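Beneath this line is the structure, given in structure tokens, with notes to follow.
The values are calculated or read from the model by the stated rules, or taken from the named source; none is laboratory data. Keep in mind the model is a prediction, meaning the values are calculated, not measured. Cβ: placed from backbone, ideal geometry, glycine included. Neighbour counts: every protein chain shown. SASA here: full protein model, heavy atoms, side chains in, ligands and nucleic acids out. Shrake-Rupley method; radii C 1.70, N 1.55, O 1.52, S 1.80 Å.
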Amino acid sequence: MKEIVPAPPSIVRNEQESIRALFTKNVVPSYGRFELVLSHGEGSHVFDVNGRRYLDLGSGIAVCCLGHAHPAITAALTEQAQKLIHVSNLYFTEPQGRLAGELARRIGPGRVFFANSGAEANEGLFKLARKFGHDEGRFEILTAINSFHGRTMGGIAATGQDKVKKGFEPIMTGFRHIPYNDLEAMRQAISPATVAIMIEGVQGEGGVTPATAEYLLGLRALCDEKKLLLLMDGVQCGHYRTGKFQSFQRILEGVPGGEKFLPDGLSMAKSLGGGFPIGAFWLREPLADLLGPGTHGSTFGGTPLACAVALRILEVIETEKLDERARTLGDWLQHELERLARTYPGVVKRARGIGFMLGLELAENIPALAGSSQTAALQFVNRLHAIGVLTIPAGTQIVRLLPPLNLSPQEAAEGIAKIEEVVKALVTA
Ligand code: PLP
């Protein structure tokens, strides 16, 4: 008689659980992570380990400006990796020199220093400010309330939000925070020790608030009058996200006197490398000479690999006119978010932002979201995850949209439809 051998149990691979377990055991728990384990991406979509697809309207917090797995980035990485990945800043390399030129061409006459992240780029600007005021004993940098400038000791000191400083006292001295978009308050705050003012052109983490044109022009005049440096943090709002290379170029477009505006220093990171780590700061001439040999440095900053990627990204953005896309599709998205605010005022308070840096501000006290320990923004973002869309919360009420610059009109429409689905469910819940 033939023996009946039972089939072996199928191998159940619960990657979600096993990867989560790796994190619990091995990774410093400094992030509040969503319950999503992502494995790969293509264009504006990412996939989790269970094969679910998500429209990525966050781009890794304004980083993946060409979406995921873009062939031009892959090609730049592989071509350069086969040639020269790294040699240190003891030597000259072509990609770094060319990239510096391309960045300066888009900003204004000046020179560029390369770092690896936004916080590091800002640290360089803080050091520049200290050097600038050193011989006169000036060192203080004024930044804005609700600003965000990174997580290093200098970054948290500069950031105008208490939550990033808590538990890390004593905080580095030399920073004070002043209300944003309030020129008179800034004027009043200047002390004999003040050497610089640093602002974001559009506050990102603080809730998607653009600077007004009057504020920017007023700060420039104030800095000139008081011999202060005007430093701008373009880490999140830069790199064409607003429809122009830098946010101040978009905000001041067509504004009398706007064409002459330039900050004295400007930090960049995030979209500059499209996901490959790179940061940079640009300095207006002749400030660059303040950072002479031996004053500042970075092992990896401006490595040929990172610069080759950044150069290719600029080429793609320019050839495909993705700046125009961020502007026109950004305007469309904003109109749609405004429509949601008009149609569902009990859920959506208003739309915020500019270009592809948008915020959906949720109404206070939405009954369907009451009674949870999570903020309204977090609950909204989680509900979007459940129907396949990634967005980023900012503060308690704001859901940020920071899509890739090559988002298609169909994808934008898909995103709005899904957001409306969540909004509608909150009205009727
Ligand atoms: N500056 C701004 C405006 C940012 O939004 C961020 C990050 O979110 C940073 C600086 C810090 O950049 P990084 O995380 O690359 O250090």
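Quick notes
- Yes/no for residue 146 being in a loop (DSSP other than H, G, I, E, B), outside the structural domain of residue 57 (by TED's automatic domain parsing), touching a residue at least 12 places away in the same chain (Cβ under 8 Å) and within 16 Å of the ligand (Cβ to nearest atom): yes
- Strands (runs of 3 or more DSSP E) within the stretch 17-94 that include 1 or more residues among the polar types (S, T, N, Q) and touching a His at 6+ places or on another chain (Cβ under 7 Å): none
- Taken over the stretch 355-382, the criterion of being open to solvent by 10 Å² or more (accessible area, probe 1.4 Å) and assigned to a strand (DSSP E or B) is satisfied by 361 alone.
- Subset of the stretch 123-137 [more than 20 Å from residue 269 (Cα to Cα) and surrounded by 19 or more Cβ atoms within 10 Å (Cβ to Cβ)]: 132, 133
- Filter result for the condition that a residue is open to solvent by 30 Å² or more (accessible area, probe 1.4 Å) and of a type in the set (Val, Ile, Thr), over 141, 156, 85: 85
- Whenever a residue of the stretch 52-63 is in contact (Cβ under 8 Å) with a residue 24 or more places away in the chain, its partners that are aromatic (Phe, Trp, Tyr), lying with C-beta atoms within less than 6 angstrom and at least six residues away or across chains, give the pairs 53/47.
- In the stretch 292-310, residue farthest from the ligand (Cβ to nearest atom) [restricted to those that are in contact with a Gly (Cβ under 8 Å, 6 or more places away or on another chain) and not β-branched (Val, Ile, Thr)]: 296
- Of the set (1) surrounded by 24 or more Cβ atoms within 10 Å (Cβ to Cβ); (2) closer than 18 Å to residue 181 by Cα; (3) aliphatic (A, V, I, L, M); (4) more than 15 Å from the ligand (Cβ to nearest atom), all apply to residue 232 but (4).
- Checking each residue in the stretch 396-429 for being among the small types (Gly, Ala, Ser) and farther than 28 Å from residue 66 by Cβ picks out 425, 429.
- Selection of the stretch 389-426 for residues being assigned to a helix (DSSP H, G or I), within 15 Å of residue 333 (Cβ to Cβ), open to solvent by 20 Å² or more (accessible area, probe 1.4 Å) and not polar (S, T, N, Q) yields 409, 411, 413, 414, 417, 418, 420.
- Any hit, the stretch 372-390, residues being over 25 Å from the mean Cα position of the chain (by Cα) and over 26 Å from residue 202 (Cα atoms): yes
- Any pair with Cβ under 9 angstrom, 6 or more apart, that starts in the stretch 152-177 at a residue that is within 18 Å of residue 189 (Cβ to Cβ) and ends at one that is within 16 Å of the ligand (Cβ to nearest atom) and open to solvent by 100 Å² or more (accessible area, probe 1.4 Å): 159/151
- All of 59, 39, 30, 44 fail the test of being at positive phi and modelled with pLDDT of 95 or more, apart from 59.
- Matching residues, the stretch 246-261, being under 20 Å from the mean Cα position of the chain (by Cα) and either open to solvent by 10 Å² or more (accessible area, probe 1.4 Å) or within 12 Å of the ligand (Cβ to nearest atom) (or both): 247, 249, 250, 251
- Of all residues in the stretch 235-244, those satisfying the criterion of being open to solvent by less than 40 Å² (accessible area, probe 1.4 Å) and either more than 16 Å from the ligand (Cβ to nearest atom) or of a type in the set (Lys, Arg) (or both) are 241, 243.
- Every listed requirement among (1) free of Cβ contacts under 8 Å to residues at least 12 places away in the same chain; (2) over 23 Å from residue 65 (Cα atoms); (3) of a type in the set (Asp, Glu) is met by residue 318 save one, (2).
- Test result for residue 352, crowded, with 20+ Cβ neighbours inside 10 Å, of a type in the set (Lys, Arg) and closer than 26 Å to residue 121 by Cα: no
- Whether a residue is away from the ligand (no atom under 11 Å from the Cβ), among the small types (Gly, Ala, Ser), in the same structural domain as residue 183 (by TED's automatic domain parsing) and more than 25 Å from residue 306 (Cα to Cα) was assessed, and residue 137 passes this test.
- The number of residues in the stretch 55-80 being more than 20 Å from residue 271 (Cα to Cα) and either open to solvent by less than 50 Å² (accessible area, probe 1.4 Å) or touching a Leu at 6+ places or on another chain (Cβ under 9 Å) (or both) comes to 0.
- Test: residue in the stretch 192-215 that is surrounded by fewer than 18 Cβ atoms within 10 Å (Cβ to Cβ) and touching a residue at least 40 places away in the same chain (Cβ under 8 Å): yes
- Residue among 183, 219 that is under 25 Å from the mean Cα position of the chain (by Cα), open to solvent by less than 50 Å² (accessible area, probe 1.4 Å) and on the phi < 0 side of the Ramachandran plot: 219
- Complete set of residues in the stretch 262-297 that are open to solvent by 10 Å² or more (accessible area, probe 1.4 Å), within 20 Å of residue 132 (Cβ to Cβ) and in contact (Cβ under 8 Å) with a residue 40 or more places away in the chain: 262, 264, 284, 285, 287, 288, 290, 291, 295, 296, 297
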